[in-house]
Amino acid sequence: MRITVVGASGRTGSHVVRLLCRQGHEVVAGVRARRRGDELAELGARPVVVDLAADPEHMVDAFAGSTVVINTAGAGDPDPAAVNLVDRDGSIAAIRAAERAGVQRFVQLSAQFADAPDQGDRLVRSFLMAKQVSDTVLGRSSLVWTVVRPGTLTDEAPTGRVKIGGHLESGSVPRADVAAVLVAALDEPLTEYRGFDVHGGDVPIPAALAALG
């Protein structure tokens, strides 16, 4: 299956690319600048330029032929203007481009409390609101969608075990485990047309996803 990963050179996106390549998928690695794709090419992915802050027309070509788009991109600058440009408007542009390109499935990396920004940390309220808007647009799109809302992301070693729920209390989770959830969601029908929170936990990822029903 051909899968395009947006934000592929990021700390979570690179984990996703690695997992997909290991599984034998044809992986298109969307990066903001081609020079950032060298390491991803070594993993077996094909780097292409996908810049959420640029003209969205190029994304239609980048997504063409892919069955799935996994969007792991996020603004590197916490300034509300940058967040709105990438996490809100850029993500919406990617959703629309995926529809035009004939993509079937769209998996979006969001953030815990994006479904209820007023319950999240005030310091990241603009980020959560931007995610909320793009998540809502995805839910109203023609795509088969999944929204994954992890708690605080860490760079700890993966455990392969998580806690998943519709709305959890604050928590944290290794990036590598979140990447594994994003990938495993593709094989679990219960994740379709659904958003959920993810924390570190005790349940193996496939079993945690299967328990969503």
Counting just the residues of the stretch 20-59 that are surrounded by fewer than 22 Cβ atoms within 10 Å (Cβ to Cβ) and either of a type in the set (Lys, Arg) or within 14 Å of the chain's Cα centre (by Cα) (or both), which one comes out farthest from Phe106 (Cα to Cα)?
Arg35
Tell me which residues, restricted to the stretch 75-128, are modelled with pLDDT of 95 or more, basic (Lys, Arg) and out of contact with any helix residue (DSSP H, G or I) (no Cβ under 8 Å at 6 or more places or on another chain).
Arg96
Hey, can you tell me all the residues within the stretch 163-205 that are touching a residue at least 40 places away in the same chain (Cβ under 8 Å) and over 17 Å from the mean Cα position of the chain (by Cα)?
Lys163, His167, Leu168, Ser170, Gly171, Gly200, Gly201, Asp202, Val203, Pro204
Of all residues in the stretch 101-134, which are outside any helix (DSSP H, G or I), out of contact with any Phe, Trp or Tyr (no Cβ under 9 Å at 6 or more places or on another chain), over 17 Å from Val183 (Cα atoms) and hydrophobic (A, V, I, L, M, F, W, C)?
Phe113, Ala116
So the helices (runs of 4 or more DSSP H) completely within the stretch 37-98 holding 2 or more residues that are in contact with a Pro (Cβ under 6 Å, 6 or more places away or on another chain) and touching a residue at least 60 places away in the same chain (Cβ under 8 Å) are none
For Val17, which of the numbered conditions (1) under 17 Å from Ile3 (Cβ atoms); (2) part of a loop (DSSP other than H, G, I, E, B) fails to hold?
(2)
Quick one: Asp177 ticks every box in (1) in contact with a Ser or Thr (Cβ under 9 Å, 6 or more places away or on another chain); (2) surrounded by fewer than 23 Cβ atoms within 10 Å (Cβ to Cβ) bar one, so which box is it?
(2)
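The values are calculated or read from the model by the stated rules, or taken from the named source; none is laboratory data. It should be emphasised that the depicted structure is a prediction, and the values quoted were computed from it without experimental measurement. Backbone-built Cβ (ideal geometry, glycine too); neighbour counts: all protein chains shown.
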